[in-house]
Structure formats: structure tokens, C-alpha cells
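For reference, the structure is listed below as C-alpha cells.
The values are calculated or read from the model by the stated rules, or taken from the named source; none is laboratory data. What you are looking at is a predicted structure, and each value in this text was computed from that prediction instead of being measured. Every residue, glycine among them, receives a Cβ derived from its backbone with ideal geometry; neighbour counts consider all protein chains shown.
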Amino acid sequence: MNPKPHAHLAGTVANRDNLDLLREFPDACCDLVYVDPPFWTRKRRTSAQSTNGYDDRWPEDIAEYLDYLTVRLREMHRVLADHGSLCVHLDWRAVHYVKVSLDGIFSRDNFLNEIIWTYRTGGVSKQWFGRKHDTILLYAKHRGRHTFNVRRDGAFRTEGLNYDDQGRPYKSTKNGPLYFHPDGPVMTDVWDIPFLSTVAAERTGYPTQKPLALLDRIIRAVSNPDDLVADFFCGSGTALVAAERLGRRWTGCDIEPEAVAISRARMGLSDAIHAAPTPTALDASTARLSEGNTGST
Ligand SMILES: C[S@@+](CC[C@H](N)C(=O)[O-])C[C@H]1O[C@@H](n2cnc3c(N)ncnc32)[C@H](O)[C@@H]1O
């Protein structure tokens with residue numbers, strides 16, 4: 001049997017600056033790179049359960065942040081396979097600057113989507129509309145050669161339509177009845193997925209942890225089983241957990257020892273715990289790893 005490509009890269013969570021690690025990765029070794037970098041909030045990000053959190057403090061001029069991210073995005077482009085894709089998760093603060101950088105690195109032709117992840121938690125303002133979405137920029141290394149699995153979600157609008165003898169709704173057309181796909185409409189680029197609640201079983205306590213349902217949806221759409229999924233800003237390891245559940249191989253890194261300890265514990269790696277938070281949450285999320293695919297979307 002042929003060994004899996006780049007087998008030595010898979011199954012690790014490195015405590016490194018991702019730029020140093022990326023420079024050691026060979027060209028074209030990753031099938032999917034998902035990253036959720038600091039958002040340029042210009043604050044230290046902490047939470048009640050986190051021992052340390054991570055740094056997102058920057059000067060008022062965004063140039064330094066953009067330089068830091070752009071040099072890393074160039075490396076991510078290099079390590080992507082021909083059929084691979086990059087997802088960059090940001091919000092209103094910096095996404096418009098980073099999209100321009102990515103157009104330069106990937107070329108505008110390889111832009112696929114600006115995914116809007118909308119949720120309801122967090123504060124509101126009396127001065128502007130509630131800011132209730134993050135943006136995930138999706139680029140292919142080569143549009144047309146990239147992996148894309150069409151997904152379906154939700155229900156068709158069927159009010160006022162005809163129903164056949166078996167109760168199935170259809171549209172009448174000049175060519176006869178037109179039925180709807182049984183799995184619902186093709187998914188669009190606006191995703192309504194709840195933010196992690198304070199009592200969610202998967203919550204690790206790490207600040208700005210993202211929900212597994214979001215990563216499940218991304219990984220299913222733009223990768224295949226056995227692919228290598230990389231997260232070079234892995235935080236609590238959400239992308240790695242989702243990849244494992246979906247039968248993908250994974251590799252991660254983070255500059256913060258606390259993030260690496262949490263990720264390693266979630267992934268069941270042995271030398272895991274230096275600064276682990278909330279053992280109950282970790283036990284719960286690690287236990288679910290062995291349950292197989294969640295089918296959460
Ligand atoms: C927004 S958090 C990621 C959260 C993660 N998606 C999750 O679900 O838990 C960003 C992470 O990037 C890490 N980070 C920032 N700069 C880094 C660098 N140069 N190399 C590696 N990790 C870095 C931070 O320590 C932080 O854990």
C-alpha cells in the first residue's frame with residue numbers, strides 16, 4: 001500500500017510561530033488551509049476560563065498587521081496543493097484590507113466566496129446595526145481544479161404549490177411537474193450557525209473559540225476524506241477536531257502554549273497538558289472525538 005502523502009506532517013500540534021513552521025513545509029503539501037488569525041481588535045484576548053489568552057494588540061496604523069498576515073498568507077498559498085483551497089476567517093475590522101492582499105497573492109480569478117457566518121450573540125449598539133457576522137474568504141489555488149462538494153441545507157419555499165398523490169410538492173412547467181431536491185436547496189454563502197453558548201459541551205474556555213458546526217461545514221465542502229487539513233492559527237484546535245471527525249488528516253500550530261495544550265488534549269495527544277483549562281469541557285470534547293462523524297450540518 002502506498003504511504004499517505006506527507007504523512008510526517010499529519011497528527012501534530014506545534015508550539016511555534018507559524019511563519020517558521022510554514023517555511024519548513026514543502027510546496028503543495030496541504031489540501032485545505034483554514035486560518036482564524038487575530039482580527040486586529042487591538043486588544044489582548046482573554047476569557048474568564050483562560051490562563052493567558054492571546055495577543056491581538058497592534059498600532060493604530062493597520063500596516064504592521066497587514067505585513068504580519070500577508071507574509072504568512074503567501075506561505076500558505078505556496079503549501080497548498082493544486083486542487084487546494086484557503087479559508088481566512090476575519091471580521092469587519094480588517095477583512096477588506098486582507099481581501100485585497102489575497103487577490104494579489106492568489107489572483108482575483110481564484111476568489112471563490114466571501115462566506116458570511118451570522119450569529120445572534122454579543123452586544124448591540126444604539127448608533128449602528130448590530131454587528132452579527134464574521135467573514136470567511138475562500139480562495140482556490142487554481143479555480144476549476146479545486147475540490148468542491150456541493151452541500152444542501154434548509155427547505156424550499158413550497159407555499160401555494162401543487163402536491164402530487166404522494167404529498168410531494170412540485171412546480172408545474174410546460175415540460176411537466178418539476179420536483180424539488182429531497183435534501184433541500186444548494187447552500188449559499190450566508191450561514192446562520194449559533195455561536196458557542198457559555199455552557200456548550202465543546203467549549204474549552206479558550207478565547208474566541210469557534211463552533212465545530214462551522215468547521216464541519218467548511219471541511220466537508222472543500223476537502224475529501226484523507227486530505228491534509230492545516231490550521232496555522234489553531235487556538236483551541238476546533239479545525240483539527242472537525243477534520244478528525246470527518247476522516248481527514250490534520251496538522252496545527254499556535255504560538256501560545258495554552259492553545260497548544262488545549263488542542264493537544266482535544267486531539268488525544270499524549271504530552272498534552274501544561275496549562276489545561278476546565279477538565280470537564282476537555283473530557284467532553286475529547287470523548288466526542290471517538291464518536292465518529294457528527295453530521296452536525
Ligand atoms: C482567533 S484565535 C484562533 C481560535 C481558533 N480558531 C479556535 O477555534 O479556538 C487566533 C490564534 O492565533 C494564534 N497566533 C497568533 N499569532 C500567531 C503566530 N504568529 N503563529 C502561530 N499562532 C499565532 C493565537 O495565539 C491564537 O490562539
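Taking the conditions (1) within 16 Å of the ligand (Cβ to nearest atom); (2) part of a loop (DSSP other than H, G, I, E, B) in turn, Val98 satisfies each one other than (2). Note on the stretch 17-26: residues that are touching a Leu at 6+ places or on another chain (Cβ under 9 Å) and either basic (Lys, Arg) or surrounded by fewer than 16 Cβ atoms within 10 Å (Cβ to Cβ) (or both) amount to 1.
Cβ separations smaller than 6 Å between residues 6+ apart or across chains give the following pairs from the stretch 39-54 residues that are at negative phi to residues that are of a type in the set (A, V, I, L, M, F, W, C) and crowded, with 17+ Cβ neighbours inside 10 Å: Phe39/Leu90.
Regarding the stretch 12-22, can at least one residue be identified that is over 16 Å from Met76 (Cα atoms), outside any strand (DSSP E or B) and touching a helix residue (DSSP H, G or I) at 6+ places or on another chain (Cβ under 9 Å)? For the stretch 12-22, residues over 16 Å from Met76 (Cα atoms), outside any strand (DSSP E or B) and touching a helix residue (DSSP H, G or I) at 6+ places or on another chain (Cβ under 9 Å): present. Please name all residue pairs, on different chains or six or more residues apart, with Cβ atoms under 8 Å, provided the first residue is in the stretch 59-73 and is in the same structural domain as Asp36 (by TED's automatic domain parsing) and more than 20 Å from Arg23 (Cβ to Cβ) and the second residue is charged (D, E, K, R) and more than 13 Å from the ligand (Cβ to nearest atom). Between residues of the stretch 59-73 that are in the same structural domain as Asp36 (by TED's automatic domain parsing) and more than 20 Å from Arg23 (Cβ to Cβ) and residues that are charged (D, E, K, R) and more than 13 Å from the ligand (Cβ to nearest atom), the close pairs are Glu60/Arg42.
Once the stretch 101-126 is narrowed to residues that are acidic (Asp, Glu) and in a helix (DSSP H, G or I), the residue that is nearest to Asp20 (Cα to Cα) is Asp103. The requirement of being at pLDDT 95 or above and part of a strand (DSSP E or B) is not satisfied by Trp92. Scanning the stretch 139-155 for residues that are surrounded by 13 or more Cβ atoms within 10 Å (Cβ to Cβ), of a type in the set (A, V, I, L, M, F, W, C) and outside any strand (DSSP E or B) returns a single hit, Phe148. For the stretch 131-138, state whether one or more residues are free of Cβ contacts under 8 Å to residues at least 60 places away in the same chain and in contact with a helix residue (DSSP H, G or I) (Cβ under 8 Å, 6 or more places away or on another chain). Within the stretch 131-138 (the criterion being free of Cβ contacts under 8 Å to residues at least 60 places away in the same chain and in contact with a helix residue (DSSP H, G or I) (Cβ under 8 Å, 6 or more places away or on another chain)), the answer is yes, since at least one residue qualifies. Consider the stretch 215-260 and keep the residues that are more than 9 Å from the ligand (Cβ to nearest atom) and closer than 17 Å to Ile115 by Cα. The one that is surrounded by the fewest Cβ atoms within 10 Å (Cβ to Cβ) is Arg220. Here the strands (runs of 3 or more DSSP E) wholly within the stretch 167-272 that include at least 3 residues being at pLDDT 95 or above and either closer than 20 Å to Cys30 by Cα or under 14 Å from the mean Cα position of the chain (by Cα) (or both) are 228-231, 249-253. Of all the numbered requirements in (1) free of Cβ contacts under 8 Å to residues at least 12 places away in the same chain; (2) within 16 Å of the ligand (Cβ to nearest atom), Gly104 misses one, and that requirement is (2).
With the requirement that a residue be away from the ligand (no atom under 11 Å from the Cβ) and in contact with a Lys or Arg (Cβ under 9 Å, 6 or more places away or on another chain), what does the stretch 27-39 give you? The answer is Asp27, Ala28, Asp31, Leu32. Pairs are defined by a Cβ separation below 6 Å, a sequence spacing of at least 6 or placement on different chains, a first member in the stretch 237-258 that is in the same structural domain as Ala213 (by TED's automatic domain parsing), and a second member that is near the ligand (Cβ under 10 Å from one of its atoms) and among the acidic types (Asp, Glu); the pairs so defined are Ala239/Asp231; Gly252/Asp231; Ile255/Asp17.
Among the conditions (1) outside the structural domain of Leu19 (by TED's automatic domain parsing); (2) touching a residue at least 40 places away in the same chain (Cβ under 8 Å); (3) hydroxyl-bearing (Ser, Thr, Tyr), the only one that Thr173 does not satisfy is (2). Test Pro37 against the stated conditions and say whether it is at pLDDT 95 or above, in the same structural domain as Ala265 (by TED's automatic domain parsing) and loosely packed, with under 13 Cβ neighbours inside 10 Å. So Pro37 fails the test. Would you say Asp17 is more than 16 Å from the ligand (Cβ to nearest atom) and assigned by TED's automatic domain parsing to the domain that holds Leu228? The answer is no for Asp17.
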